[in-house]
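Worksheet: the structure to be examined is printed underneath.
The values are calculated or read from the model by the stated rules, or taken from the named source; none is laboratory data. Quick caveat, the model's predicted, so the values are computed rather than measured. Glycine gets a Cβ as well: all are built from the backbone with ideal geometry, and neighbour counts include every protein chain shown. What goes into the accessible areas is simple: the full protein's heavy atoms, side chains included, and nothing from ligands, DNA or RNA. Shrake-Rupley method; radii C 1.70, N 1.55, O 1.52, S 1.80 Å.
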Amino acid sequence: MNWRYEEGRIYSKNEGNELMAETTYINAGENIVVINHTYVNPALRGQGVAGKMMEVVAEHFRKNGLRANATCSYAREWFKKNNDKYSDILSDDFE
């Protein structure tokens, strides 16, 4: 997938400009971001796209010195499941 990066958003569209996957996040203060939404187009669900998207998001945060929290249930569970790889980017108040 061809990932695009905007302030508060990482996403991918297909050749027809249809949104295929997206994560949105808000700035919550000094290098802290909160993931508030994840989306995968129904045509791609069940193919591991959401997990790959979260890897891209997590690496982007790491590269840019951001620490993450999440109100989005998918992102929250993904970080819990992958805590061994990404604990260094989780905010201090991530449960």
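Yes or no, residue by residue, for (1) assigned to a helix (DSSP H, G or I); (2) within 15 Å of the chain's Cα centre (by Cα); (3) touching a residue at least 24 places away in the same chain (Cβ under 8 Å):
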residue	(1), (2), (3)
N17	no, no, no
I26	no, yes, no
N36	no, yes, yes
G46	no, no, no
G51	yes, yes, yes
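Within segment 53-69, the only residue that satisfies the criterion of being over 19 Å from D92 (Cβ atoms) and either in contact with a Leu (Cβ under 9 Å, 6 or more places away or on another chain) or assigned to a loop (DSSP other than H, G, I, E, B) (or both) is H60. Selection of segment 61-75 for residues being open to solvent by 40 Å² or more (accessible area, probe 1.4 Å) and over 18 Å from E6 (Cα atoms) yields T71, S73, Y74. On the stretch given as segment 10-59, residues that are closer than 17 Å to R76 by Cα, open to solvent by 40 Å² or more (accessible area, probe 1.4 Å) and charged (D, E, K, R) total 3.
In the list D88, D92, D84, which residue meets the criterion of being in contact with a Lys or Arg (Cβ under 9 Å, 6 or more places away or on another chain), open to solvent by 80 Å² or more (accessible area, probe 1.4 Å) and assigned to a helix (DSSP H, G or I)? Step through it out loud before you land on a result.
Numbers: D92 fails: assigned to a helix (DSSP H, G or I); D84 fails: in contact with a Lys or Arg (Cβ under 9 Å, 6 or more places away or on another chain).
None of the others qualify; the one that does is D88.
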